[in-house]
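Take a look at the structure below.
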Amino acid sequence: MHHLIPLLAAVPLFGAALLVATGRRLSRAAAEITGFVFSGGTAALALVLLLNSAPPMTEWVGGWLPVDAESVGILVVGDGPALGMAALASLLTLAALAYSWRYFDQPPRERTGSFTALMLVFQGAMCGFAVAGDLFNAFVFFELMSVVAYALTGYRIDEAKAVQGALAFGVVNSLGAYAMLMGIALLYARTGELAMAKIGRGLDAAAGPGGPDALVLASFVLVLTGLLVKATAVPFHFWLPDAHAVAPTPVCMLLSGVMVELGSYGVWRVYGTVFAGPGGIPAADLTRALVTLGTLTAVTGAVMCWYQRHIKRLLACSTVAHTGLFLVGLGVLTPEGDDGVALYLLGHAGVKAALFACAGVLLDRFGSVDEHALHGRARRLRATGVMFAVGAAALAGLPPFGTALGKAVAEEAVGGPLTAVYVVVSAITGGAVLRVTARVFLGLGPRPQEAEYEISGSDEEPETSGRLRRIPDTMTTVPAVLLAASLAVGVVPGFGALVARSVNEAGSGGAHASVHWTGHGLLLDAASTVLAAALAGLAVTRPRRAAAPDRAAPLRRLQSGHVGDYVAWLLVGAAFLGALALPGVLGG
Amino acid sequence: MHVLPYLVAAYVFLTGCYGLAASRNLIHAVGCLAVCQCATYVLLLAVGYRDGATAPVFSDVKPGSRPVVDPVVQALTLTDIVVGATVTALLLALVLQIAKRHGTIDPDELRELRG
C-alpha cells in the first residue's frame, strides 16, 4: 500500500501535463471531465490510503533505501495528518473544479483546459507537500504550490488588481521560501541529512551539554519564517488579503480552505519531527513564539475582518484570524490542542470554501462584492442567503458544526485567557459575515454611508461570461455540500475520535486524548455564536457606532498594497520570531 | 572552517531584501528576489565544500581514492535554480501585465489594494 503514496503528487501532475499537451484539440467539456477524472482519482486514492494509515506508512521513492542508516533518497510519509491533508486538498480541488464547471468564460481555443491543468498542478503540489517526509522535498512542493497559486491568482491577466495582488503574493511567498531553504541548508550542514526525522535525531546527537546553539536557532527561525508566511501569521500576512480579494473565486476556495492551512500543518510537522528533541528548540520557547504570534494574528485578523466591506477581502481577513487560532492551539503543544486544531481546520475548510462560493454567486449576479453597494439587492437569492447565514454561524462556532467541535476542544486545551481569545475572535469574524448577510441578503438597517479611504468591491469584473441566465446548479450545490461536510465533521459519531487518534499517533509524543462534545465546550460555542449575532445586530442597527472605520485606521494603513513594505514586515517578523525563541538558547 | 562563504551568503540575502524593500521599479524588485535566491546557492555550495576535494565525477577518479565535494548540495542547487527560473519568469510576466494595465511599474504608484 505504501508504494502508492507518491502517486498522490504524480497523478494530478500527469493529468495536468496531459491537458496541456492535448488541450488544443479538446472541447471544453472533455478537458474539464479529464480534470475531474484525475482530481477525483487522486481524492479516492488519498481516502483509501487514509483508511489504511494505521500504523503510519513511509516510502522511499524509487527504492532509494537508506544504506547504513544514511540516505539521500526522497522520503514520503503516509500517516493520518499527512494523508488527511492530502485528502482535504484533493476533495476541495474537486469541489472547486465542480464549482467552476460553468463559471468562467469560454476560454480561447488555444487555452482550453489551461485553468483545469493549473488546478491539477496545484492539487498535486499540495498533496506532495502534505506527504513530504524530507525537508528539501517539502521546499520544492512548497514552491511549486506557491508558483501555481500566483499564476491562478493572476489568472485574469487583463485585470489590473489581479496582477498586482498576484505579484505581491509572489514576491513575499518566494522570499519566505528562500528563507526556508537557507534554514534547510543550515540543518543539512549540521546533520548531513534531509529526512525530517533523521535531522531531528542528528540535532539531538550533535547537541552539546549546553543544548541548542545559534545555528539551530537560526535554522529554526528561517524554516519557520517560510512556513509562517504561508500560514499568514502576523506580520507575514499582508499578501493574503491582497491575493484573496483579486483571485478568481474557485481559486479563493482552495487558497483559504487548504493552502494557508498547509502552512500551519507544516509548522506542526517540522517542529514535531525536527525541533522537538533535546537538541532542538525547547518547548517553552516554541509555545511563547507560537502563542504570541498566534494571538497577534487572531486579533489583527479579526479587527481587519470587521472593518472590510469588500466581501472576499472580509473572508480573507477572517482566514487570517482563524489561522491565528490554529497557531495558538498548536503552540500549547498538548495532544488535545493538536486534535482540536485538526478538527477546527477540517470544519473551517468546508465553511470558508462555501462562503467564498456564495460570494462568487454574488459576483456573478451583480458584478460586485461590495457590502454597501449590494445593500438589500440580493433578497431574491434565498438559497445563497441561507447558506451564507449558516456559514457565518458555523464560522462563529455554532454547534454542532465541525468548527464548533474543534474550537471547543482547542479552547479546553489552551485554557485561561486564551479561551477568551478563541471566543471573541471567532465571534467577531462570524459577526462580520452575519452583518454582510443581514445587509446584503435581507436589506436590514439603514444604507451605510460612503466613507473615504476604503477598498470597495464594486468595480470588480464579473468572472462569468456576461451574466449567466440562471445560477448554474453546481454553483449552489457545491457550497451546500461543503457546509454539509463541515457539519458532518461535528456530528458523525466517532469521526472526532478517529481524527484525534490518527493525529496523536503521528505526533504528540504518543499521548492520546479523547475528543467529544462537553457541556463546557457547548456553552462557550453558544456564547460566541450569541456574541456574533449581537455584534452583527449592533452593526446593522447602529452602523455609525459599530463600524466607524477610523478606529482601526492605523492598523488598516499598514496594509499598504506596497511590495516593499510587505518585505520589510517579513524581516521584522523574522527578527521578532528569533527574539521570541532566543531565551531557551541563551539559558540552555 | 571557512566562515567567509557563510558571511557572503548572509550578506547577499540581506542585500536582496534591502533592494526589495526599497525598490522603485518592479523589474528591479524581481531582480532583487533573484539576488536573495543566489544567497541560497552560495550557502548550499559552501555547506558541501571540502578542502582539497575534486568535483564529484568519477569518470577518471577511482571511487574512494580522493575526497570529493558533497554532490547532494549540488543537486539541491540545480533544483533550486530550476525553481528560481520558474519564479522569475512568472513574476516578470506579471510585471509586464502590470505595466500594461496600470501604466507604471513603480510600486509607490500602485495603491489600489490597501486597507
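Nothing in this text is a laboratory measurement; each read-out follows from the coordinates by a stated rule. Note that the coordinates shown come from a computational prediction; the quantities given were computed from them, not determined experimentally. Positions of Cβ are backbone-derived with ideal geometry, glycine not excepted, and every protein chain shown enters the neighbour counts.
Here are some notes:
- Taking amide H atoms as placed 1.01 Å from N in the peptide plane, the amide H of A:Thr58 lies under 5 Å from those of A:Gly78, each 5 or more residues away in sequence or on another chain.
- Phi angles of segment A:489-503 translate, via the Karplus equation with coefficients 6.51, -1.76, 1.60 and θ = phi - 60°, into HN-Hα couplings of 4, x, 9, 5, x, x, 5, x, 5, 5, 4, 4, 5, 6, 5 Hz per residue; Gly and Pro are given as x.
- Residue exposure proxy: B:Ile27, A:Ile199, ordered by other Cβ atoms within 10 angstrom of their Cβ from fewest to most, comes out as B:Ile27, A:Ile199.
- A:Ile5, A:Ile33 arranged by Cβ crowding within 10 Å, fewest neighbours leading: A:Ile33, A:Ile5
- Comparing B:Leu94, B:Leu44, B:Leu26 in a Gaussian network model of chain B (Cα springs below 10 Å), the most mobile by mean-square fluctuation is B:Leu94.
- Measuring between their Cα centroids, segment A:472-524 and segment A:556-588 lie 33 Å from each other.
- Taking 4.7 Å between beta carbons as the limit, the unpaired Cys residues of chain A are A:Cys127, A:Cys252, A:Cys358.
- Counting Cβ atoms of other protein chains within 10 Å of each Cβ in B:42-54 and taking the mean gives 2.
- Distant alpha-carbon pairs in the protein assembly as shown (separation over 43 angstrom), percent: 19 percent
- Listed from fewest to most Cβ neighbours within 10 Å, the set A:Met145, A:Met253 follows the order A:Met145, A:Met253.
- Hull shadow area, averaged, chain B [alpha-carbon convex hull, nm²]: 9.6 nm²
- In order along segment A:74-89, the phi-based Karplus estimate (6.51 cos²θ - 1.76 cosθ + 1.60, θ = phi - 60°) of 3J(HN,Hα) comes to 9, 9, 10, 10, x, 9, x, x, 5, 6, x, 5, 4, 5, 4, 4 Hz; Gly and Pro are listed as x.
- Student exercise, segment A:109-248 dipole from Lys, Arg, Asp, Glu Cβ charges, in Debye to nearest 20: 160 debye
- Couplings 3J(HN,Hα) of segment A:151-160, computed from phi: 4, 5, 4, x, 4, 8, 6, 8, 9, 4 Hz, in residue order, whole Hz [Karplus 6.51 cos²θ - 1.76 cosθ + 1.60, θ = phi - 60°; x for Gly and Pro].
- Above-threshold pairs, the threshold being 24 Å between Cα atoms, out of A:Lys230/A:Lys352; A:Lys230/B:Lys100; A:Lys161/A:Lys312; A:Lys230/A:Lys312; A:Lys352/B:Lys100: A:Lys230/B:Lys100; A:Lys352/B:Lys100
- For segment A:1-118, the orientation-averaged shadow of the C-alpha convex hull comes to 8.2 nm² (one quarter of the hull surface).
- The share of alpha-carbon pairs in segment A:188-340 lying farther apart than 27 Å comes to 29%.
- Dipole of segment B:4-109 [Lys/Arg +1, Asp/Glu -1 at C-beta], most positive-end residue of B:Leu7, B:Val42, B:Cys17: B:Val42
- For segment A:232-264 versus segment A:414-450, the spacing of their alpha-carbon centroids is 20 Å.
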